[in-house]
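The values are calculated or read from the model by the stated rules, or taken from the named source; none is laboratory data. This is a predicted model, so every value here is computed, not measured. Because the Cβ atoms are built from the backbone with ideal geometry, glycine has one as well, and the counts that use them run over all protein chains shown.
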Amino acid sequence: ISQSRFGTYSHKNLNAYDLIGKDTGQDEFIATYPYEIIGVHRFNYVTGKGFANTVHFYDSENNITVAMTHKTELPTSTYYVGKRFSIGEVMYREGATGRATGNHIHIEIAKGKQSKKIYKDGIWKLSNLINIEDYFFINESIIVKDTKGIKFEFREEGGEDMNDVIHIVRVPRDPEYDYLISIDGNKFGTPYDSTIMKGFSDKNLVKEGWEEVIATNGSIFYYYDKSCYAEGLEKSRGVNNQPFDMHAVSKFKDTMALGCKWNGDLDIDYQRNIQANINNYYGAITGAFGLLKNGYKNTAGAELENIRNGLYSGLSGRTVWGYDSKTDTYMVISHPGVTGKSGIRGDALVELCKKEGMTDAICLDGGGSRWLRFEGKELATTTRKVKNAVILYRRKKKGTILDEPINKPVEETKPQDASPKEEIKELLAKLIELVEKL
């Protein structure tokens with residue numbers, strides 16, 4: 001902090017702060033919370049008047065408006081009302097627009113979604129300003145240079161409630177192991193809320209020596225005859241659980257589904273393609289909506305019905321299964337959402353998946369039933385009962401070097417055409433040699 005609130009220079013009567021990076025460059029400001037732009041005010045480089053490239057960001061989770069000023073450029077393709085930024089995205093940079101002294105970010109923080117109030121001096125004034133330490137915090141990734149005496153809350157990395165943290169797990173396919181994804185779910189006719197997370201397991205695979213690596217909640221399902229029974233494409237433990245003529249299975253053929261072949265290969269494809277080749281899969285399940293296919297954005301399912309469109313554009317997505325074909329790696333993102341039972345928008349999930357290197361990805365939603373278990377450790381939990389689970393198993397391949405004894409004796413091999421007489425002569429020669437030595 002180069003200038004604090006109510007300072008001696010330009011902040012004399014203002015609860016505002018100037019933030020600078022490690023040097024004189026234009027460092028990035030990374031989103032700590034999800035934000036939406038509610039105001040963009042550009043500097044007039046011709047007249048030298050107007051706002052100094054001020055952007056107003058709204059954090060709906062905490063009901064906070066943050067104003068940032070002085071960025072050098074505000075491209076219309078990035079900075080417009082309604083633009084959203086996810087946690088971890090670059091949302092602003094240092095600058096000196098508006099005759100500022102040196103690159104920095106002038107920042108103000110206020111309670112509520114601020115309405116636009118233009119004063120005589122042409123500046124949008126924020127009301128209900130709060131102190132910076134009442135909103136932002138520091139952690140181990142921050143090197144503190146100067147806070148002007150302000151004491152921030154320190155949060156340890158990973159010290160938050162595990163259900164409030166984005167969990168991203170990766171499992172590269174080891175050539176020494178076989179892999180298989182199982183869908184463990186209740187057969188059609190069983191209420192979707194009859195199973196709790198700790199009860200999910202493919203017992204047949206476990207008996208055969210397979211070990212669990214990743215387990216998450218399965219997909220969302222839809223009401224059937226208003227009876228709250230689950231429906232959707234689902235091949236569970238090698239058996240097709242849901243009839244193909246059911247309402248959602250037969251209707252949502254152009255949405256995305258996840259299928260795992262018997263050799264462990266993961267397919268994220270249109271449901272009609274998975275369904276047409278259902279015998280090739282050990283496990284299969286309908287997704288809430290698609291995210292990526294072969295490295296390109298694919299939101300199949302969002303256009304089919306209001307419910308699907310709402311899931312994609314609204315705050316819904318939480319659990320993502322995906323794959324990085326470049327590194328042959330299974331990946332799962334378990335997102336806590338932004339408020340209450342809400343998740344994050346589908347388009348924000350697309351950007352997150354791309355950032356993490358996924359080439360194929362599908363959202364299974366999750367809502368309040370989001371949970372994640374990785375290598376036996378609970379990373380995200382729920383008290384709600386859920387319909388099914390997606391579980392990645394692995395088993396050491398038979399015949400690999402890992403299955404051989406460490407000190408296995410080396411057996412001498414003999415020529416196939418050696419006759420008994422030759423073997424006797426060889427033994428006698430060795431015996432004579434031994435006698436001579438004695």
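Of note:
- Residue list for region 102-124, restricted to those being closer than 20 Å to residue 74 by Cβ, in a loop (DSSP other than H, G, I, E, B) and modelled with pLDDT under 85: 114, 116, 122, 123
- The condition (being surrounded by fewer than 20 Cβ atoms within 10 Å (Cβ to Cβ) and at pLDDT below 80) is satisfied by just one residue among 356, 412: 412.
- A single member of 50, 95 is out of contact with any helix residue (DSSP H, G or I) (no Cβ under 9 Å at 6 or more places or on another chain) and modelled with pLDDT under 90, and it is 50.
- Region 215-258 - residue that is aromatic (Phe, Trp, Tyr), surrounded by fewer than 22 Cβ atoms within 10 Å (Cβ to Cβ) and not in a strand (DSSP E or B) and, of those, modelled with the highest pLDDT: 244
- Reported count of residues in region 1-40, each being among the charged types (D, E, K, R), assigned to a loop (DSSP other than H, G, I, E, B) and either farther than 17 Å from residue 72 by Cβ or touching a Cys at 6+ places or on another chain (Cβ under 6 Å) (or both), is 3.
- Enumeration of residues in region 164-185 that are charged (D, E, K, R) and touching an Asp or Glu at 6+ places or on another chain (Cβ under 7 Å): 173, 184
- Here residue 209 passes the criteria (1) touching a strand residue (DSSP E or B) at 6+ places or on another chain (Cβ under 9 Å); (2) at pLDDT below 90; (3) not in a strand (DSSP E or B) except the one numbered (2).
- If you go through region 64-92 and keep only what is part of a loop (DSSP other than H, G, I, E, B) and either in the same structural domain as residue 350 (by TED's automatic domain parsing) or in contact with a helix residue (DSSP H, G or I) (Cβ under 8 Å, 6 or more places away or on another chain) (or both), you end up with 86, 88, 89.
- Odd one out for residue 170 among (1) under 30 Å from residue 267 (Cβ atoms); (2) in a loop (DSSP other than H, G, I, E, B); (3) at pLDDT 80 or above; (4) out of contact with any Lys or Arg (no Cβ under 7 Å at 6 or more places or on another chain): (2)
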